[in-house]
Structure formats: C-alpha cells, structure tokens
1. Out of Val209, Val197, Val160, report the one residue that is more than 26 Å from Thr403 (Cβ to Cβ), among the β-branched types (Val, Ile, Thr) and either surrounded by 21 or more Cβ atoms within 10 Å (Cβ to Cβ) or at pLDDT 90 or above (or both).
2. Taking the conditions exactly as written (surrounded by 24 or more Cβ atoms within 10 Å (Cβ to Cβ), under 20 Å from the mean Cα position of the chain (by Cα) and not hydroxyl-bearing (Ser, Thr, Tyr)), does Val78 satisfy them or not?
3. How many of the residues in segment 265-290 are over 26 Å from Thr175 (Cα atoms) and either part of a loop (DSSP other than H, G, I, E, B) or touching an Asp or Glu at 6+ places or on another chain (Cβ under 7 Å) (or both)?
4. In segment 158-213, what residues are under 30 Å from Leu24 (Cα atoms) and either of a type in the set (Ser, Thr, Tyr) or touching a Ser or Thr at 6+ places or on another chain (Cβ under 6 Å) (or both)?
5. Consider Ala115 carefully, then state whether it is of a type in the set (Gly, Ala, Ser) and at pLDDT 90 or above.
6. Could you please let me know if Gly18 is farther than 22 Å from Ala165 by Cα, of a type outside the set (A, V, I, L, M, F, W, C) and modelled with pLDDT of 80 or more?
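The values are calculated or read from the model by the stated rules, or taken from the named source; none is laboratory data. Everything numeric in this text was worked out from a predicted model, so none of it was measured. Every residue, glycine among them, receives a Cβ derived from its backbone with ideal geometry; neighbour counts consider all protein chains shown.
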Amino acid sequence: MSLRPGSDARRETPLPWGQLGVLLAVGLAEPINCTLILPFLFRMVEGFDAVASPRDVSVYASILFTSFCVSQALTSMVWGRLSDRIGRRPTVLLALAGDLATFVLFGVSRSFAWALAARAMNGLFSGNTGVVRAIVSEIADDSNRPRMMALMSLMWNAGVLVGAAVGGLLADPATQYPRVFGRFELLRTYPYLLPCVAGSATTAVGLAVGLLKLEETLDVRRRSDCRAAAEEGALATEATRLVRSEAPCPDAPSAAALLTPTFRRILAAGLLMFLATAMGDQLYPIFAATAPSDGGLGFSPRSIGLSLMVAGVAVVYLQLAVYPRLTRRHGVLWCYRLGAAVEAPYFFAIPLLSLLAAHLDRMLGKSAPGPWLSRAGAEYCLMWALLVALLLVRIVGNVFVYTSINLLVSNAAPSKASLGAVNGMQQVAVLCARIAGPLISGSLWAWSIGNGLPYPLNSHLVWVLCGTLMVLSWRVSATLPASVNVFAAGRADRAAQ
C-alpha cells in the first residue's frame with residue numbers, strides 16, 4: 001500500500017531510533033564545518049596579504065568558499081557509486097576520517113594559498129550527505145520516510161545554525177575574550193584555530209559513533225556474488241543460486257538511464273533552488289559585515305553568528321511537527337512549492353534593511369555622546385526584529401524546499417540499488433550551485449556596491465537575482481507529475497518479490 005497525499009489512514013511505523021540516532025550524529029559534521037567559517041571568513045580574508053583592496057574581499061572570500069564545493073563536486077558521485085559497490089558503512093567512515101584530518105589545517109592558515117589548499121582538501125572528504133540520505137531511504141518505509149527525511153533536514157539546519165554560531169562566538173577568542181584567552185600565544189597567532197578545532201570535535205564524535213554503532217544497510221554480499229558470476233561468465237555457485245532464488249540481482253543503472261524526463265525536471269528545479277540559496281547563504285555574512293554606506297549592515301562576526309542562530313528555534317517545530325503532517329496530507333511536491341513561494345519574498349526584502357542600518361549609522365554619528373540605547377534604541381530594536389522575522393521566513397522556506405527535494409530525489413530512484421547514485425547526482429547539482437553561487441554573488445556584490453546605478457543594479461542586484469531564481473524553481477516544480485509523491489524504489493522492490 002502506497003502512502004499518497006491526503007491519506008492519513010495508515011499508521012506511521014515507529015522510527016528506528018537506534019540507527020537514525022547514529023545517522024544524525026554522523027551527518028552533523030558536514031553542515032557544521034560548511035558554515036562554521038562564514039562569520040569570520042570576511043575578516044580572515046581581510047588579513048591576507050593577497051587582498052589589495054577592501055572591495056576585493058568579497059571576491060577572495062567567494063573563491064575560498066567555492067574551493068570547498070569544487071572539491072565536493074569532484075568526489076560526490078565517487079562517494080555515491082563507491083557506497084553502492086562496497087557498502088554504506090565503510091564509505092561513511094572513510095569520508096569522516098578524511099574530514100577530521102583536513103579541517104584543522106584551515107584553522108592554522110596564515111596565507112590565502114594555504115587557506116585555499118586546506119579548504120579544497122577538506123571538500124574532497126565531505127561527501128557523506130548523499131550516502132546518508134541513501135541509508136535513510138533504505139531503513140525507512142512509505143509511512144515514516146517523510147518524518148525521517150525531516151529529521152535529517154533538521155539535523156542539517158541545526159548544524160548550519162550551530163556552525164555559524166560557533167564560528168562567530170569562537171573566532172579570534174584572544175580579542176573577543178581577552179581575560180580567558182588573551183594569554184594564549186597560539187590563539188593570537190592563529191585567531192581562527194579554536195572554532196575549527198570545535199568543528200573537528202563534532203566530526204570526531206560522528207566517527208566514533210559510526211565505528212561503534214553504524215550498521216550496513218546495503219546487501220553487499222549479494223551484489224558481490226552477482227558481480228563475480230558476471231565477471232566469470234560461469235554458472236553461479238550454490239550459495240549465489242540460493243541468494244538469487246530469493247530475488248534477482250540488482251542492476252546498477254548507468255547515469256544516463258537514471259536521467260528520466262521526470263528526474264531531469266526534479267534536478268532542474270533543485271538546481272535553481274540550490275543556486276538561489278547558495279548565493280544568498282554565502283552573501284548574507286558578507287552583506288552583514290559590509291558597511292551600511294555600501295549597502296550592508298555593519299555587523300561584527302559575533303553579531304553575524306548570533307543573527308544566523310537566533311531564527312533557528314522554529315526549525316525543530318517545523319520539521320518534527322508541521323512538515324510531516326503537511327506531507328502526509330498534501331504530498332511532497334506541494335510542500336516543495338510552498339517552501340519556494342515562502343522563501344522568494346525573503347530575497348527581495350532583506351537588502352531593504354541596509355537603509356535602516358545606514359539611518360542608524362547616521363544617527364549614532366551625529367547625535368550627542370551618551371548611551372546608544374537612548375539615542376537609537378527603538379530603531380536598533382526595530383532593525384533586529386525585522387531581521388529575525390526575515391530570517392525566520394528564510395528558515396521556513398529552507399525547511400520545506402530542502403526536505404522536499406531530498407524526498408523527491410529518493411522517490412525518483414528506480415530501485416534501492418541506485419539510491420547512492422541518484423543522491424550522488426543530486427549532491428553534484430548542489431555542489432555545482434555552491435560553486436557557481438558564491439562566485440556569482442561575490443563578483444556581482446563587489447560590482448554593485450560601487451557602481452552608483454539605481455535599483456535593481458545597486459546593492460539589491462544579487463538579492464533580486466536570488467528571488468528570481470527561486471520563482472523559476474517554483475515554476476519548474478509545477479510541471480512535475482503527482483507520481484513523484486511515491487517512493488518508486490520501494491514499489492519496484494515489492495513488485496520483484
């Protein structure tokens with residue numbers, strides 16, 4: 001029986017918390033390490049000798065951020081195919097070990113070249129997301145798959161928020177907390193080492209939990225027997241015949257065979273959404289750190305980290321209570337379109353806050369000396385209230401679009417044997433967006449804040465482009481058939497039995 005939109009008759013299968021908890025711990029490292037550098041990236045790049053002008057900082061920061069994504073894109077399909085061949089567990093553990101070994105190197109960067117090399121090396125081993133999603137699809141059934149995917153998205157969003165907060169709060173601790181860390185020469189020499197060590201600690205925990213508790217979900221022995229029989233071109237052994245009598249050997253379709261018209265449209269909608277969010281996510285800390293006179297907010301790294309964290313409180317309720325209920329009632333596709341429709345207005349509205357920040361800057365600069373709260377308290381509180389409200393809108397949109405696109409991709413897999421491959425393809429699309437997004441947003445931002453042109457070619461340009469891409473993603477998703485609401489691999493496996 002397939003779970004279809006509008007059907008609440010089937011009781012949800014209890015979640016397999018033993019393995020799900022392990023996957024949450026294993027998967028937490030990547031989002032934390034991905035966003036941990038964002039609050040201090042702008043200041044870090046400013047300190048490198050390679051940066052000749054303050055307005056070049058956004059370009060160099062974008063290159064640094066993009067190097068991680070380029071490396072991920074080069075290896076994501078490799079990790080997915082490798083997990084389909086040797087198993088999910090060894091692939092996950094190998095990636096975590098490499099991630100742990102390379103992330104600390106970024107924290108001891110003293111030059112742009114070192115930081116670029118360290119970030120690129122770290123990206124090579126940050127390919128677990130697609131493999132973890134494949135495991136979730138294998139241990140779930142039609143009734144609890146939306147809730148399990150929502151939990152994985154919750155883990156990702158929590159990691160993004162925690163990473164940003166840790167990066168902002170622990171960056172340059174000798175300056176932020178001189179009484180506690182001022183006497184440590186190591187932290188004065190390497191001001192961004194402490195947050196990177198904290199991020200590596202999360203990876204170490206995930207690796208330890210994975211080594212002790214993570215179970216294999218792919219029938220590797222059966223696939224090995226099938227490959228051996230095919231390579232030898234002989235009759236299968238008695239053991240293989242017994243296995244093959246239960247079910248046919250799963251074939252691993254080629255990438256071209258997986259790219260059906262429906263799957264291509266899912267990837268197209270996802271790519272537009274990924275590009276919009278990648279540009280927006282990378283631009284926000286640069287926008288927040290830029291002076292109000294140049295179209296930014298003038299925030300410190302600590303304020304940037306707190307602003308990224310403060311609106312995330314609603315994520316837990318949205319992903320554990322709201323999203324699964326709406327998915328069961330309306331379907332995954334409806335939820336994706338809702339998320340895109342909610343998030344698009346955020347992109348158009350967020351740059352307007354720079355006008356209020358510039359007004360505050362002028363007030364504080366011209367007013368008589370005295371406590372800032374008495375001079376601009378109401379305006380300052382209004383700016384933060386509006387910022388938190390807009391970031392909350394962004395969080396709501398992210399919860400729905402990211403959780404839904406993960407489900408849509410898994411639903412489109414023709415069999416469980418191809419889950420690693422289709423999730424690897426999606427991860428490549430994500431990474432292509434993460435590569436192009438920062439380069440586009442960083443370059444356009446540097447050009448737009450100094451061109452003197454009117455709206456929308458001024459500092460609003462990148463944000464308007466992000467909103468337009470999200471609207472286009474919403475439009476492409478409208479062409480998808482209702483069949484994408486059903487997990488095709490589970491239906492195919494039942495038919496083969």
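1. Working: Val209 fails: more than 26 Å from Thr403 (Cβ to Cβ); Val160 fails: more than 26 Å from Thr403 (Cβ to Cβ).
The conditions single out Val197.
2. Numbers: surrounded by 24 or more Cβ atoms within 10 Å (Cβ to Cβ): no; under 20 Å from the mean Cα position of the chain (by Cα): yes; not hydroxyl-bearing (Ser, Thr, Tyr): yes.
No; evaluated as a whole, the condition is false for this residue.
3. 0
4. Val160, Gly163, Ala164, Tyr192, Ser200, Thr202, Thr203, listed by residue number.
5. Numbers: of a type in the set (Gly, Ala, Ser): yes; at pLDDT 90 or above: yes.
Judged against the criteria, Ala115 is a match.
6. Numbers: farther than 22 Å from Ala165 by Cα: yes; of a type outside the set (A, V, I, L, M, F, W, C): yes; modelled with pLDDT of 80 or more: yes.
Considered against the rule, which asks whether it is farther than 22 Å from Ala165 by Cα, of a type outside the set (A, V, I, L, M, F, W, C) and modelled with pLDDT of 80 or more, Gly18 comes out as yes.
Condition check ((1) closer than 24 Å to Leu333 by Cα; (2) more than 12 Å from the chain's Cα centre (by Cα)) across all residues:
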{"position": "Ala113", "(1), (2)": "no, yes"}
{"position": "Leu116", "(1), (2)": "no, yes"}
{"position": "Gly123", "(1), (2)": "no, yes"}
{"position": "Gly127", "(1), (2)": "no, no"}
{"position": "Val136", "(1), (2)": "yes, yes"}
{"position": "Met149", "(1), (2)": "yes, yes"}
{"position": "Ser153", "(1), (2)": "yes, no"}
{"position": "Trp156", "(1), (2)": "yes, no"}
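Here's the yes/no breakdown for (1) at pLDDT 85 or above; (2) more than 18 Å from the chain's Cα centre (by Cα); (3) more than 23 Å from Leu439 (Cβ to Cβ); (4) not small (Gly, Ala, Ser):
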{"residue": "Tyr284", "(1), (2), (3), (4)": "yes, no, no, yes"}
{"residue": "Phe287", "(1), (2), (3), (4)": "yes, yes, no, yes"}
{"residue": "Ser300", "(1), (2), (3), (4)": "no, yes, yes, no"}
{"residue": "Val316", "(1), (2), (3), (4)": "no, no, yes, yes"}
{"residue": "Ala321", "(1), (2), (3), (4)": "no, yes, yes, no"}
{"residue": "Arg328", "(1), (2), (3), (4)": "no, yes, yes, yes"}
{"residue": "His359", "(1), (2), (3), (4)": "no, yes, yes, yes"}
{"residue": "Met363", "(1), (2), (3), (4)": "no, yes, yes, yes"}
